[in-house]
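**Q** Pasting a structure here, questions to come.
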Amino acid sequence: MNDHPRHTFFCAFSHPQAKLVEMANVRVRFAPSPTGYLHVGGARTALYNWLFARRHGGVFILRIEDTDVDRSKAELVTAILEGLTWLGLTWDEGPIHQSERLARYRELGARLEQSGHAYPCFCTSDELEQRRAAAQAERRAWKYDGACRNLPEAERARLRAAGRPAALRFRVPETGETAFDDEVFDRVALRNSEIEDYVLLRSDGNPTYHLSVVADDLDLGITHVIRGADHLSNTPKQVLMYRALGAPTPAFAHLPLILGPDRQRLSKRHGATAVGAYREQGVLPEALGNFLALLGWTPPGGKEILPIEEMIQGFDLKAVSKSNAVFDLEKLAWMNAEYLRALPPGRLLGLVEEELRAVGLAGQAGARDEGETFAARVSLLQSRARTLKDFSGSFRAFFSDQFDYDPEAKQKYWKEPALGGLLAELAARLADVEPFTPADCEKCLRGLAEEKSLKAGLLINAARVALTGQAVAPGLFDVMAVLGPKRVVARLRHSASFFANA
Ligand code: GLU
């Protein structure tokens, strides 16, 4: 995982005239904070960055924003890297850890202070809280009131000498506006009077998100900042900082928010939000990737299922919508089934084995004992699977002799007491069928039904429950052939014992 060479930082703003926004040199980044698992929204952001980099032959950088030491966790970093790798979103540089760059942030802070773009703020959090509460009581909107903005130098020196800790705040111009062109949201402008003098460095010397993000995007030569629309309102602050540093701003592209079906912001209330949870539910990475790609982007021609190469070819930030995207689990389920159906057999076999191993079925009789029929069983089930979990769930009887009869299936198809004797008789006759092909099995069952003057369907449905535990399964005679004579006979005999007068 960590075999990428560490990036050598270069100081982009030492060449302020450098034209960064050149498609030939695209450099983008995904910058998760390891305070949670890889969220589907984060994965969508990573995917768009990755697609953009691959589309333009650029570089995709992974940066871990772990300056919040209390909330950042090493195991979450591991989970994020695993999630990205599983989705195939390989990075070209990094992971770069912000926690290793603190000295650099402090240096930049000092530089902004020296140039007058930042000033020390000695207000304590208690003082700030009191003033905020007073503003609230008077129904005034609160933003930092600039108490320390124009302290005389002598006063600053006095407070420092007295050991008063100081944060560093950015000096936002009092008039005018800060605007930028967003690739998705077009022109975005904010009056400077609405932007507070925000903190760059906390009094403990740790940087805020704004300082570290601008420092890193500059040092890494990021050309396009592609991230969630929740950062749209942060961008003017960052643009002001680029300007204060005399550095060109990167291009910005903010991605629409992801909502649940009730149009509220996607949260755990709507179901799983972690990429890892979808993996555990048996979703294929290519299906999840395709699904996430469509959360905000309309591919050329409006095609819904498209292989990764086509996504790369067609990806265009201009085709990303401003409108919020809705996370539709039904659509993901449909897409996953489509991908499963189209999976090359070799890959599907490996995934099914992995799934069986994960639930402890891999070594069981049935899973692998008749090597060549394992592939036949998987192939028979392929078009019916909605997730990989089906192979250990509703298809369990194909891979293990320990399976339950679905109570509803039993109730529906094992009603007739006479069926017990018939299933036992069917077992006896099938024991002599040779070769054990679907056609021969069918002939045998239909012959028995005819002799007993009953509808073959009755016997077929009862036998299906006996062999698979389910009311719905692939064609019964194909099922018999892939299970093989020994197992079919044993299961039919066993089922007969459930009938009173067998
Ligand atoms: N760490 C930030 C986040 O997870 C990154 C924001 C950015 O891309 O600038 O939201």
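**Q** HN-Hα J couplings of segment 166-179 from phi, Karplus 6.51/-1.76/1.60, θ = phi - 60°, integer Hz, Gly and Pro as x?
**A** 10, 8, 10, 10, 7, 8, 7, x, 7, 10, x, 9, 10, 10
**Q** What is the extension gain from K143 to N25, computed as 0.36 nm multiplied by their sequence separation minus the C-alpha to C-alpha distance, in nm to one decimal? Please report the intermediate quantities before stating the final value.
**A** Numbers: separation 118, 0.36 × 118 = 42.48 nm, distance 3.91 nm.
Roughly 38.6 nm would be gained on extension.
**Q** Same structure, new question: With a ≥ b ≥ c the root eigenvalues of the C-alpha gyration tensor of segment 390-502, is it rounded (a/c under 1.5), prolate (a/b larger than b/c) or oblate? Present the calculation step by step, with values, prior to reporting the outcome.
**A** Values: a/c = 1.59, a/b = 1.11, b/c = 1.43.
Oblate shape, in that a/c is at least 1.5 and b/c is the bigger or equal ratio.
**Q** Compute the FRET efficiency between A179 and S125 as 1/(1 + (r/R0)^6), taking r as their Cβ-Cβ distance and R0 = 30 Å, and round to the nearest 0.05. Show your work: numbers first, answer last.
**A** Values: r = 32 Å, r/R0 = 1.08.
Using R0 = 30 Å, I get an efficiency of 0.40.
**Q** Another question, then. At 0.36 nm per residue, minus the direct Cα-Cα distance, what do D432 and A272 gain on full extension? Give it in nm, one decimal, please.
**A** Values: separation 160, 0.36 × 160 = 57.60 nm, distance 5.07 nm.
52.5 nm is the gain from fully extending D432 to A272.
**Q** While we're looking at this one, here's another question. Give K331/K389; K268/K331; K389/K412; K412/K486; K412/K443 a once-over and call out the pairs whose C-alpha atoms are over 20 Å from each other. Numbers along the way, then the final one.
**A** Values: K331/K389 17 Å; K268/K331 18 Å; K389/K412 25 Å; K412/K486 26 Å; K412/K443 25 Å.
Distance filter (> 20 Å) returns K389/K412; K412/K486; K412/K443.
**Q** Right, another one. Where both residues lie in the chain, what percent of DSSP beta bridges are antiparallel, nearest 5? Before the final figure, lay out the partial values.
**A** Numbers: 16 of 31 bridges.
Here the share of antiparallel DSSP bridges comes out near 50 percent.
**Q** Among I64, I80, I305, which comes first, then next, by fewest other beta-carbon atoms within 10 Å?
**A** On the way: I64 22, I80 26, I305 16.
So the residues, fewest neighbours to most, are I305, I64, I80.
**Q** May I ask for the distance between the Cα centers of segment 433-450 and segment 229-291, given as a whole number of Å?
**A** Taking the Cα centre of each part, segment 433-450 and segment 229-291 sit 58 Å apart.
**Q** Using 7 Å Cα-to-Cβ label points, what is the N324/I305 separation (nm, one decimal)?
**A** 3.0 nm
**Q** So how much slack lies between L102 and D440, counting 0.36 nm per residue of separation and subtracting their Cα-Cα distance, in nm? Write out the running numbers ahead of the final one.
**A** Details: separation 338, 0.36 × 338 = 121.68 nm, distance 7.48 nm.
Extra length available between L102 and D440 comes to 114.2 nm.
**Q** Based on the alpha-carbon gyration tensor of the chain and its eigenvalue square roots a ≥ b ≥ c, which shape applies: rounded if a/c is under 1.5, prolate if not and a/b is larger than b/c, or oblate? Don't skip to the end; give the middle numbers.
**A** Details: a/c = 3.29, a/b = 2.82, b/c = 1.17.
Judged from the Cα gyration tensor, the chain comes out prolate (a/c at least 1.5, a/b above b/c).
**Q** Another question, then. Simple spin-label model, 7 Å along Cα-to-Cβ: K412 to A189 in nm?
**A** Here the modelled spin labels are 6.4 nm apart.
**Q** In addition: Go through 206-213, 308-315, 262-269 and give me the packing order, highest mean Cβ count within 10 Å leading. Before the final figure, lay out the partial values.
**A** On the way: 206-213: 22.0, 308-315: 16.5, 262-269: 11.6.
Taking the mean over residues of other Cβ atoms within 10 Å, the ranking is 206-213, 308-315, 262-269.
**Q** For E153, E355, E174, E82, which order do you get if you count the other beta carbons within 10 Å of each Cβ and list the fewest first?
**A** Details: E153 7, E355 20, E174 11, E82 16.
Listing E153, E355, E174, E82 from fewest to most nearby Cβ atoms yields E153, E174, E82, E355.
**Q** Same structure, new question: Would you please classify the overall shape of segment 394-437 from the alpha carbon gyration tensor, given that a ≥ b ≥ c denote the square roots of the eigenvalues, rounded means a/c under 1.5, and beyond that prolate means a/b larger than b/c while oblate covers the rest?
**A** Numbers: a/c = 2.92, a/b = 1.17, b/c = 2.49.
It comes out oblate by the Cα gyration axes.
**Q** At a Förster radius of 25 Å, what calculated FRET efficiency corresponds to the Cβ-Cβ distance of R357 and T90, to the nearest 0.05? Write down the numbers at each step before the final one.
**A** Values: r = 25 Å, r/R0 = 1.01.
Result of the calculation: an efficiency of 0.50.
Coordinate-derived values only; no laboratory data. Please read these numbers as outputs of a predicted model, since none were measured by experiment. Every residue, glycine as well, gets a Cβ built from its backbone with ideal geometry; the counts of neighbours run over all protein chains shown.
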